[in-house]
Amino acid sequence: MKRRNIVLVCALVPCITLLFMVFAHIRIISDSTKESSSGSSVPEGAVSSNEANSGGDIDTDSSQSENGNSGADLVGSPSSDSGDASNSSQSGSGSSTLNQGDHTSSTVILDSDIVIVKMIAHSTDALGNPGYRLEVTNRSNQTIAVVAASDFYVNGSASDCWCYIELKPGATEEVFMYFFGSVIGNNADVLVNVEGTLEIYNESTKLVIKTHRIHID
């Protein structure tokens, strides 16, 4: 009987040991599963979704600020150079840019039912040709051209004059009417006792509508 009990105990010991090992193995697996699930939230060195969103908002605001500044830098008032270029383009028609400001005035030299012409300055262009800066207004209901005829005199001497400008109905434009400096001198002061004829053409038919004799002291 005693021997039988010893054999039974010896048989139960391995079974108990095996059960203990199985239980311990199951517990280890359970613990490792918990650790893996909790540790996967934010790995070391990674950025959380909240931090990523927060960082993105800051970058967006700063980029908008930078874009706003760069946009403001692009907006500016026109430079004075562009204004000078505009004045130069208006003052010459076939002639070079004026040396403006030599002798400025405003004198009506022709006033008719078709056109009014004002002499607003006399000066020289870049080539030294003396002449007059004229402001011409078309009072008619047709497109016209104002042209200098070939009978101009400067202080009693015949002198070729150049002037041509087209005007739509109601338009006012500027033109530089000039004489050849190589003939009469490269100085606006030579323009004394100037007289001649301005011809008004219908631009469509090329026919002369009127001619007007002008005189500028």
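Every number here is computed from the coordinates shown, using simple stated rules; none is lab data. Note that the coordinates shown come from a computational prediction; the quantities given were computed from them, not determined experimentally.
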Given H placed on each backbone N at 1.01 Å, which residues far from N186 in sequence or on other chains put an amide H within less than 5 Å of it?
-> none
Taking amide H positions as placed 1.01 Å from N in the peptide plane, with prolines and chain starts having none, which residues 5 or more places from L127, or on another chain, fall under 5 Å of its amide H?
-> S96
Considering amide H positions built from the backbone, and no H for Pro or chain starts, which residues 5 or more places from A121, or on another chain, come under 5 Å of its amide H?
-> S105, R133
Compute the relative contact order of the range 118-197 as a whole-number percentage, counting only Cα pairs closer than 8 Å that sit 6 or more residues apart in sequence.
-> 38 percent
